């Protein structure tokens, strides 16, 4: 077993308008990749070969820093899991690219709300660096994203006021 993130999404396509806002925000985060993180294509072999487009976000760590491909898709191509929802996961094994997976999942939940459910083998402490990267990359909405992330991702009993 390894350290893994999981997400379910509704079995319908995400609206292009929401997807475009999501990918625009994630591109801002990608402009601030930490120096110790080398990203590659989904196979982990092509430096800077990551993909952000109208249909998907896809990346991995580079070579020995890779583990499993991280991919989020606008259209539901696979239907596994509960009530026809689409289930996906990415095992990062705590490798350096995990911070980018976490940042992307935080933004995914922020932009798609109830269309997406996210869980992880990690706890909130292991997501803080990814959230900090999002906040630093998107200063105009960072606090709002932080409150939403803390409220919707890990602690169902946490009030919005407690999260801020």
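Every number here is computed from the coordinates shown, using simple stated rules; none is lab data. Since this is a predicted model, take the numbers as computed values, not measurements. No Cβ is skipped: glycine too gets one built from the backbone with ideal geometry, and neighbour counts run over all protein chains shown.
Observations on the structure shown:
- Most fluctuating residue given options 111, 77, 67, as computed from a GNM of the chain linking Cα atoms under 10 Å: 77
- Cα-derived Rg to Rh of segment 42-134, Kirkwood definition: 0.95
- Cβ-based exposure ranking for 102, 116, in which fewest neighbours within 10 Å come first: 116, 102
- Normalised by the number of residues in segment 1-159, the mean separation of alpha-carbon contacts (under 8 Å, six or more apart) gives a relative contact order of 28 percent.
- Mean residue ellipticity (222 nm) of the chain, computed from DSSP H runs ≥ 4 via -39,500 (n - 2.57), nearest 500: -10000 deg cm²/dmol
- Order of 22, 59 under a 10 Å beta carbon neighbour criterion, fewest first: 22, 59
- GNM on the chain, alpha-carbon springs under 10 angstrom: the most fluctuating residue among 17, 56, 96 is 17.
- The smallest convex shape that holds all Cα atoms of the chain, its convex hull, gives 113 Å³ per residue.
- Exposure proxy ranking, count of Cβ atoms within 10 Å, fewest first, for 27, 71: 27, 71
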